[in-house]
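A.B. asks: Pasting a structure below so you can have a look.
Each value in this text was obtained by applying a stated rule to the coordinates, not by laboratory testing. Predicted model, so just to flag it, every value in this text is computed and none were measured. Glycine also receives a Cβ, built like all others from the backbone with ideal geometry; neighbour counts cover every protein chain displayed.
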Amino acid sequence: MTKLNSKIPSGSIDTKWTQYKASVPLVNPANKRKIEVIVVGTGLAGASAASSLAELGYKVKAFCFQDSPRRAHSIAAQGGINAAKNYQNDGDSVYRLFYDTIKGGDYRAREANVHRLSEVSGSIIDQCVAQGVPFAREYGGLLSNRSFGGTQVQRTFYAAGQTGQQLLLGAYSSLQRQVGMGNVQMYSRHEMLDIVMIDGKARGIIARNLITGELERHFGHAVLLCSGGYGNVFYLSTNAMGSNVTAAWKAHRKGAYFGNPCFTQIHPTCIPVSGDHQSKLTLMSESLRNDGRIWVPAKPEDAKALQNGTKKANDIPEADRDYYLERRYPAFGNLVPRDVASRAAKERCDAGFGVNPTGQAVFLDYAAAIERYGKIEATKQNLSNPDSATIKALGKEVVKEKYGNLFDMYLQITGENPYETPMKIYPAVHYTMGGLWVDYELMTTVPGLYALGEANFSDHGANRLGASALMQGLADGYFVIPYTIGNYLSQDIRTAAIPTDHPAFVEAENNVREQINKFFAIKGTKSVDYFHKRLGKIMWDKCGMARNEKGLKEAIEEIRALRIEFWSDVRIPGESNEFNPELEKAGRVADFIELGELMCLDALTREESCGGHFREEHQTEEGEALRHDDKFAFVSAWEMKEVGKWELHKEELVYENIKIAQRSYK
Amino acid sequence: MSTTGMNLTLKIWRQKNGNERGRFETYPVSGISEDMSFLEMFDVLNEQLITEGKDPIAFDHDCREGICGMCSMYINGQPHGPNDRVTTCQLHMRSFKNGDTIVVEPWRAAAFPVIKDLAVDRSSFDRIIAAGGFVSVNTGNAQDANSLPIAKENADEAFAAAACIGCGACVAACKNSSAMLFVSAKVSQLALLPQGEPERRERVINMVNKMDEEGFGNCTNTGACAEECPKGISLENIARLNREFLLANVSGK
Ligand SMILES: Cc1cc2nc3c(=O)[nH]c(=O)nc-3n(C[C@H](O)[C@H](O)[C@H](O)COP(=O)(O)OP(=O)(O)OC[C@H]3O[C@@H](n4cnc5c(N)ncnc54)[C@H](O)[C@@H]3O)c2cc1C
Ligand code: SF4
Ligand code: FES
């Protein structure tokens, strides 16, 4: 077994990064101009990395499959971004953000990385404000904060319910500035379909021009994968339709280990499934748990009545409501971390207390918040004895200002008005903590190949806290990679650009073409979506919110069978040399099928419960996740041997600064 | 949850690529639930076409949450369809009734050439942003975020302008195919913030010049853009752009 070298610098936790930066080799400006870097992805991680590297003088080529870099999935993030600024004077600090993140991740993240993330978090906010990102502000003109799950301080910066959009547009504007200056060449509507390896190093990619279907070869001294998460392996998720694992998977096939593939985040507040036609699930931002109260009826007969439509939420009297999060977790209440909140909802629904016809929904209620805000507003406006209608109207205004776009979205999708009746929500797949294994420098096990943002496994352990993915993506791109890549590239200044007629490029391109031809040759009877839906169902049922040995073993067999069926019965219409979304999907689903098997294998191997990974065999008497630190305090890093065959490598997790403990939010 | 199924007739623009001529094709669909989104209805139709061995309809979409700006259908003569402030992906079938005929076309504008069927090329928008839609600040140059207080009013107004999703419905709605609303949204956002001040003049001139160069038409103040904009970008932004442009030219830069 090869030893994984995480390259964590020595020294005390709060000086590691400073010392690293002070001693990392640099590349001088004249040499930077000769070095080319490929960035796959233009979300927060990719856009920030591409623009920052271009500003430093590197020649950058950036790729995305959407029609514009501005449309990367980061655009959809709603709630906010964390930073340890302590602007609220409520006791926040770099250490506390570090601690909360390690604890929130259920002690399965690497200390050194998380501390660094926490250290640079403040600079991210500074950078974004300087770009003109319009964060929410208080009347005094200073930045506003709100709280998110798993923390007891207010450290989340936001721009209404459109934080990801505003952050991405900021990073995109920096990227476009570099495009305009000729420092970045942008390839939109291009999909990376393979990594090119020369002498054991990543030296380029094969990309398909999605409009013409042409395969292109691109050289880079280094390749950065910023290609996002793989939640769509479940078919239904809150991810954008195009989000996929292909870039990471091709890297995995070329030798990059995959870290903790089974760590998936199921988000507690999403709009429930409405029927078989459903193509994606919509998140209702976690920020809604700040003010909203979650409940189900306390009496089974009320639940029945809600399910068959004879009662409505407002018919259930206060005394007959079970605010189960407040009941079970008095210290954190509705703000427990996501994994805990999701499981609690599943537990109530499995017990028969679900509130919609499928029994798979709970209420998220804003009545109390509207009343509370209304009263505060009335006092502010010096209204004496306002009637309840006035209070309600004032309260609605406040809620509208904070969450208006989310409420509109809910109305649009469900046809119900959340200002008047509680929203119905249910957990849905949202984020993948797992991803390509990377060392402290964000390099994968393939030299010269890096992974940033959601595509890597690095900072969130077994569960990510809300508002921390945006932070991580931008930390990786703006403040980590510009330093760490120097360590590799400084040794590469003598390597001239390798011509793309090199046999390795030719071979990689041929392999990609072969796979495309194979797809068309099948001429089967079923659409790509048909297989994707079936894969999603297996994953959700057997590798979703709760997992057990029997189910996982079955899932592995079912996925293997599905893989064979897919490769003999899928039908791809049209041709390869044209704009062909079905062909794009086919490639992605082929990779998802292989990934699904690995996720189940990882979940089967990890015989403990931690964070988002809940093995039914391992729980406390109260139904909480039960970790086994003696046996599983490691990162699983999987090496692919061949399709359907992997070898497990372990990176031991050493906790020198935080005492590892049972997580409690009571 | 509704189990009623609608039967609809779809007249959809089919065009193999940018070089060939397009035409309308008619497709019946049935069993459409009112809980479906407009794009989910297209999924159903495409599934049907694939099973019949036909070429499915190409259309752009990604987030299906009304925020990425990728979806772009011209539905019954309106960009993004009949509802106010709603993108194509957020339009739900409960806005239609059984028996309806729905006509679907791509955005039409010289600066947005058709790629295939309903998908068009909007990269001209990216080039306009590259010409000036930014603050020139390199990573690492920033001061502490709270050392620059900004009146809430201005911050909110800048945010409202920054909400533009770059979908191009404004261009599709305009008889001149003008991109003024899109450009003015970015110009406004940065003109309202102190961070945008140093480059205020070059920005507006460069962006407007680029817009003209890309082949967008002139603005004749019909207001169709703001009416169809799914994000409520207001005409005030165009007025502000005009002021900014005038000022920049007067000051001779
Ligand atoms: C609905 C929703 C709300 C969220 N809200 C929050 C929040 O409030 N706070 C928070 O912290 N996090 C939130 N998250 C999580 C967060 O948004 C994501 O984890 C983060 O934005 C991922 O950024 P990224 O840069 O890693 O990847 P992405 O933004 O997903 O970008 C991936 C990029 O890679 C490109 N790409 C992928 N594959 C290829 C390929 N093969 N070839 C070429 N290009 C490719 C894509 O085109 C895209 O440009 C939310 C997530 C969702 C789904
Ligand atoms: S101004 Fe409105 S219609 Fe035009 S691109 Fe922006 S969001 Fe779309
Ligand atoms: S698909 Fe993203 S806005 Fe419609």
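A.B. asks: Test of understanding: ordering B:S178, A:S68, A:S468 by Cβ neighbours within 10 Å, fewest first, what list do you get?
C.D. replies: Ascending Cβ contact count within 10 Å gives the list A:S68, B:S178, A:S468.
A.B. asks: So what are the ³J(HN,Hα) numbers for region A:503-516, from phi and the Karplus equation (6.51, -1.76, 1.60; θ = phi - 60°), rounded to whole Hz, Gly and Pro as x?
C.D. replies: Once θ is set to phi - 60°, the couplings for region A:503-516 become x, 5, 5, 4, 5, 4, 5, 4, 4, 5, 4, 4, 4, 4 Hz.
A.B. asks: Among DSSP beta bridges whose residues both lie in region B:6-116, state the antiparallel percentage, nearest 5.
C.D. replies: Of those bridges, close to 75 percent are antiparallel.
A.B. asks: With a cut-off of 8 Å between alpha carbons and a minimum separation of six or more residues, what is the relative contact order of chain A in percent?
C.D. replies: 21
A.B. asks: Tell me the angle of helix A:338-350 to the major Cα principal axis of chain A, expressed in degrees between 0 and 90 and rounded to the nearest ten.
C.D. replies: 60
A.B. asks: Shifting gears a bit: Any idea how far the Cα center of region A:391-464 sits from the one of region A:208-244, in Å?
C.D. replies: Computed from Cα coordinates, the inter-centre distance equals 20 Å.
A.B. asks: Quick one: divide the alpha-carbon radius of gyration of region B:7-151 by 2.2 N^0.38 Å and tell me what you get.
C.D. replies: Normalised Cα radius of gyration, region B:7-151: 1.33.
A.B. asks: Exposed loop sites here are GluC sites (Glu not before Pro) in DSSP loop states with at most 16 other C-beta atoms within 10 Å. What is the longest stretch of chain A lacking them?
C.D. replies: Of all site-free stretches, the longest is A:215-415.
A.B. asks: Calculate for chain A the 222 nm mean residue ellipticity that helices alone would give, adding -39,500 (n - 2.57) per DSSP H run of length 4 or more and normalising by residue count, nearest 500 deg cm²/dmol.
C.D. replies: It comes out at -12000 deg cm²/dmol, rounded to the nearest 500.
A.B. asks: Of the options B:S37, A:V355, A:Y488, report the single residue whose Cα projects farthest towards the positive end of the charge dipole of the protein assembly as shown (beta-carbon charges: Lys, Arg +1; Asp, Glu -1).
C.D. replies: A:Y488
A.B. asks: Still on this model: Let's test the formula: R0 of 45 Å, r as the Cβ-Cβ distance of A:K375 and A:S93. What FRET efficiency results, to the nearest 0.05?
C.D. replies: 0.85
A.B. asks: Using alpha carbon coordinates only, what is the Rg to Rh ratio of region A:546-666, with Rh defined as the Kirkwood radius?
C.D. replies: 1.11
A.B. asks: Using the Cα centre of region A:268-429 as the reference point, and only Cβ charges (+1 on K/R, -1 on D/E), how large is the resulting charge dipole? Debye, rounded to the nearest 20.
C.D. replies: Its charge dipole is roughly 240 debye.
A.B. asks: Out of the DSSP beta bridges found with both residues in chain A, what percent are antiparallel (nearest 5)?
C.D. replies: Expressed as a percentage, antiparallel bridges in chain A total about 70.
A.B. asks: Can you tell me the relative contact order of region B:6-116? Whole percent, Cα pairs under 8 Å, sequence separation 6 or more.
C.D. replies: 35
A.B. asks: Also, quick follow-up: Return an integer: the convex hull volume of the alpha-carbon atoms of region A:268-429, in Å³ per residue.
C.D. replies: Per residue, the Cα convex hull of region A:268-429 comes to 122 Å³.
A.B. asks: Follow-up question, since we're still on this one. Using +1 at the C-beta of Lys and Arg and -1 at the C-beta of Asp and Glu, which of A:I294, A:I370, A:V398 has the Cα lying farthest in the positive direction of the dipole of region A:268-429?
C.D. replies: A:I294
A.B. asks: Now for a separate question. In debye, nearest 20, what is the charge dipole magnitude of the protein assembly as shown about its Cα centre with +1 on Lys and Arg Cβ and -1 on Asp and Glu Cβ, if you could check?
C.D. replies: Its charge dipole is roughly 1000 debye.
A.B. asks: Just tell me which lysines come within less than 18 Å, Cα to Cα, of A:K402; anything on the same chain fewer than 8 places away is out.
C.D. replies: A:K375, A:K380, A:K392, B:K152, B:K231
A.B. asks: For region A:467-547, which trypsin sites (Lys or Arg not before Pro) are both in a DSSP coil and crowded by at most 15 other Cβ atoms within 10 Å?
C.D. replies: When the trypsin sites (Lys or Arg not before Pro) of region A:467-547 are filtered for loop state and at most 15 Cβ neighbours within 10 Å, A:R494, A:K523 remain.
A.B. asks: Between A:I522 and A:Q185, take the C-beta separation as r, use R0 = 30 Å, and let me know the FRET efficiency to the nearest 0.05.
C.D. replies: That gives a FRET efficiency of 0.30.
A.B. asks: As a check on your grasp of the helix formula, calculate [θ] at 222 nm for chain B: sum -39500 (n - 2.57) over DSSP H runs of n ≥ 4, divide by the residue count, round to the nearest 500.
C.D. replies: -10000 deg cm²/dmol
A.B. asks: For A:K299, which lysines qualify as cross-link partners when the Cα separation must be under 22 Å and same-chain residues fewer than eight apart are set aside?
C.D. replies: Within reach: A:K311, A:K312, A:K346, A:K424.
A.B. asks: At R0 = 41 Å, how high is the FRET efficiency between B:S95 and B:N141 if r is their beta carbon distance? Nearest 0.05 is fine.
C.D. replies: 0.30
A.B. asks: Which whole number gives the average, over all residues in A:141-148, of C-beta atoms from other chains lying within 10 Å of the residue C-beta?
C.D. replies: 3
A.B. asks: Next question. Taking square-rooted eigenvalues a ≥ b ≥ c of the alpha carbon gyration tensor, is region A:1-115 rounded, prolate or oblate, where a/c under 1.5 means rounded and, failing that, a/b exceeding b/c means prolate?
C.D. replies: Oblate, because a/c is 1.5 or more while a/b does not exceed b/c.
A.B. asks: Under 19 Å from the Cα of A:K645, which lysines turn up, not counting those fewer than eight places away in the same chain?
C.D. replies: A:K250, A:K254, A:K553
A.B. asks: Something else: Kindly express, to the nearest 10 degrees and within the range 0 to 90, the angle between helix A:528-542's C-alpha long axis and the longest C-alpha principal axis of chain A.
C.D. replies: Tilt relative to chain A: about 60 degrees.
A.B. asks: Ok, one more. Which one, A:N548, A:A469, A:F219, projects farthest toward the positive side of the charge dipole computed for the protein assembly as shown from Cβ point charges (K/R +1, D/E -1)?
C.D. replies: Going by the Cα projections, it comes out as A:F219.
A.B. asks: A follow-up question, please. Cut-off is 10 Å between beta-carbons; in what order do B:L49, A:L442, A:L236 appear when sorted fewest neighbours first?
C.D. replies: Starting with the residue having the fewest Cβ neighbours, the order is B:L49, A:L236, A:L442.
A.B. asks: Over the C-alpha atoms of the protein assembly as shown, what are the Rg and the largest Cα-to-Cα span, Dmax, in Å?
C.D. replies: 26.2, 82
A.B. asks: Next question. Might you report the magnitude of the Cβ-based charge dipole of region A:510-632 about its Cα centre, with Lys and Arg at +1 and Asp and Glu at -1, to the nearest 20 debye?
C.D. replies: So the dipole magnitude of region A:510-632 works out to roughly 620 debye.
A.B. asks: Specify whether the C-alpha gyration tensor of region B:122-251 places it in the rounded, prolate or oblate class, a ≥ b ≥ c being the square roots of the eigenvalues: rounded for a/c under 1.5, otherwise prolate if a/b is larger than b/c and oblate if not.
C.D. replies: Judged from the Cα gyration tensor, region B:122-251 comes out prolate (a/c at least 1.5, a/b above b/c).
A.B. asks: What whole-number distance in Å separates the alpha-carbon centres of region A:599-660 and region B:170-198?
C.D. replies: So the separation of the two Cα centres works out to 50 Å.
A.B. asks: Here's another thing I want to ask about it. Given a cut-off of under 8 Å on Cα pairs at least six residues apart, what relative contact order in percent is computed for region A:510-632?
C.D. replies: Taking the mean separation of contacting Cα pairs over the length of region A:510-632, I get 30 percent.
A.B. asks: I've got another one for you. Using only Cα atoms and rounding to the nearest 10 degrees, what angle (0 to 90) does helix B:152-162 make with the longest principal axis of chain B?
C.D. replies: The answer is roughly 50 degrees.
A.B. asks: What pairs from A:K542/A:K631; A:K103/A:K631; A:K280/B:K11; A:K201/A:K280 go past 30 Å between their alpha carbons?
C.D. replies: Long pairs (Cα-Cα over 30 Å): A:K201/A:K280.
A.B. asks: Could you sort out which of A:K34/A:K585; A:K16/B:K186; A:K7/A:K659 sit more than 31 Å apart by Cα distance in this structure?
C.D. replies: A:K34/A:K585; A:K16/B:K186, as the Cα separations exceed 31 Å there.
A.B. asks: Ranking A:V40, A:V399 by Cβ neighbours within 10 Å, fewest first, what do you get?
C.D. replies: Going from sparsest to densest Cβ surroundings: A:V399, A:V40.
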